[in-house]
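Engineer: My structure is below; once you've seen it, I'll send some questions.
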Amino acid sequence: MNNVFVYCEIEQTTVQEVSQELLTKGRKLANQLGVELHAIVAGTGIKGKVEDQILPYGVDKLFVFDGEGLFPYTSAPHTDILVNLFNEEKPQIALMGATVIGRDLGPRVSSSLTSGLTADCTQLEIGEYDDKKAGKHYDNILYQIRPAFGGNIVATIVNPDHRPQMATVRSGVMQKALYEGEARKEVVYPEVSKYVSQNLTLLR
């Protein structure tokens with residue numbers, strides 16, 4: 001509960017580099033917060049083919065959704081998976097790439113969860129926030145940093161009251177690196193039909 005989640009984008013059975021960059025950053029954020037890093041991947045025929053591309057980046061728990069109809073990407077089943085999983089797991093932070101898929105999926109998930117979303121971030125940090133109007137102080141808030149007004153200024157956006165704090169992040173702005181510390185590396189294979197409203201048949 002209240003962990004950091006990264007949605008891993010794939011092309012057939014290849015995990016995209018932006019997702020590995022986000023796993024690296026997600027691991028750092030999780031360490032700062034004293035929580036776990038969890039990852040989600042969804043596709044068709046991916047069981048046993050994607051785990052080694054994700055776990056070495058410091059993932060404590062990987063959710064692999066493998067079923068017919070999950071590749072190529074379509075909005076509805078992937079949205080169902082994330083919304084239902086997030087309702088179960090209650091993450092405090094959820095990250096995905098600012099790609100064609102991420103820009104479609106992120107707003108759908110955040111709208112369903114009424115959580116808010118900052119798009120096209122170039123930096124993510126953990127810090128404090130004081131809401132002077134409400135007289136509230138918040139610790140361990142995600143600073144979602146992105147260019148604004150045509151790139152002339154940099155805006156720092158916070159989401160103190162709604163969870164998860166969601167952001168899409170541009171490819172190439174964060175460095176990917178294999179994690180040298182200890183992580184649990186647990187892998188689970190949820191039953192897709194329990195998460196997706198459409199009638200999808202599991203491959204395996």
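Read the figures in this text as sums done on the coordinates, not as results from a lab. Everything quoted here is computed from the prediction, not taken from an experiment. Note: ideal-geometry Cβ built from the backbone for every residue, glycine included; neighbour counts use all protein chains shown.
Engineer: How high is the relative contact order of the chain, in percent, with contacts defined as C-alpha pairs under 8 Å that are six or more residues apart?
Structural biologist: 29
Engineer: If you don't mind, another one. Highest mean first, what order results for 48-59, 126-137 on Cβ atoms within 10 Å?
Structural biologist: Ranked by mean Cβ neighbours within 10 Å, highest first: 48-59, 126-137.
Engineer: Given an 8 Å cut-off on Cα distances and at least 6 residues of separation, report the relative contact order of segment 132-194 as a percent.
Structural biologist: 20
Engineer: Using only Cα atoms and rounding to the nearest 10 degrees, what angle (0 to 90) does helix 75-89 make with the longest principal axis of the chain?
Structural biologist: 70
Engineer: Could I ask something else about it? Per 0.36 nm of contour for each residue apart, how much would the distance between Ile126 and Lys90 grow if the chain were fully extended, relative to their Cα-Cα spacing?
Structural biologist: 11.1 nm is the gain from fully extending Ile126 to Lys90.
Engineer: Between helix 17-33 and the chain, what is the angle of the helix's C-alpha long axis to the longest principal axis, kept within 0 to 90° and rounded to the nearest 10?
Structural biologist: 60
Engineer: Separate question: Quick one: what are the phi-derived ³J(HN,Hα) couplings along segment 177-187, Karplus 6.51/-1.76/1.60 with θ = phi - 60°, whole Hz, x for glycine and proline?
Structural biologist: The phi angles translate into 7, 5, 7, 8, x, 9, 9, 5, 6, 7, 10 Hz.
Engineer: I want the antiparallel fraction of DSSP beta bridges within the chain, as a percent rounded to 5.
Structural biologist: Taking every DSSP beta bridge within the chain, about 40 percent pair in antiparallel fashion.
Engineer: Additional query: Read phi for every residue in segment 42-49 and hand back ³J(HN,Hα) as whole Hz from Karplus 6.51 cos²θ - 1.76 cosθ + 1.60, θ = phi - 60°, with x for Gly and Pro.
Structural biologist: 9, x, 10, x, 9, 4, x, 10
Engineer: What is the set of long-range amide H partners of Val6 at a cut-off below 5 Å, with H atoms built 1.01 Å from backbone N?
Structural biologist: Amide H neighbours of Val6: His38, Ala39, Ile40, Leu95.
Engineer: While we're on this one: Return the long-range amide H neighbours of Ile126 (sequence gap of 5 or more, or a different chain), with a cut-off of under 5 Å between placed amide H atoms.
Structural biologist: Tyr143
Engineer: Based on the mean of other Cβ atoms within 10 Å per residue, sort peptides 104-110, 61-67 so the most packed one is first.
Structural biologist: Top of the packing list down: 61-67, 104-110.
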